[in-house]
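Notes follow once the structure below has been shown.
The values are calculated or read from the model by the stated rules, or taken from the named source; none is laboratory data. Please read these numbers as outputs of a predicted model, since none were measured by experiment. Neighbour counts are summed over all protein chains in view; Cβ atoms, including those assigned to glycine, are modelled from backbone coordinates with ideal geometry. Areas reflect the complete protein model, heavy atoms only, side chains present, ligands, DNA and RNA absent. Shrake-Rupley method; radii C 1.70, N 1.55, O 1.52, S 1.80 Å.
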Amino acid sequence: MKFMKSLFKRRTEPFVYHRYYLLVQKRWAEKMQRATAGLSKTKLILGLLFFTVLASGYLIYNLYRTFYKEAGAGAASKIKTINLKN
């Protein structure tokens, strides 16, 4: 019970991120700022919708392929015994 209480305690010192994480985060933000600088709000929303549909379709395709297409290929094969006598 003490462990659970310690999880919900307010931190006294702020969490410090690793410097490489902060560097990558900064570079990604700068790159995205340059890439989207001239786009209107409508184009940004359409781009977000396109990315969401594309990523969702890829996820659904992978789930379908995993559960239905490869279900027959993973059937158990006949067990072979090993002859240990020499």
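Residue under question is T36, and the condition is that it be touching a Leu at 6+ places or on another chain (Cβ under 8 Å) and not aliphatic (A, V, I, L, M); does it hold?
yes
Let me confirm something: among L23, L54, which residue is open to solvent by 100 Å² or more (accessible area, probe 1.4 Å), at pLDDT 95 or above, out of contact with any Asp or Glu (no Cβ under 7 Å at 6 or more places or on another chain) and in a helix (DSSP H, G or I)? Spell out the reasoning first.
Values: L23 fails: open to solvent by 100 Å² or more (accessible area, probe 1.4 Å).
Going through L23, L54 in turn, the sole match is L54.
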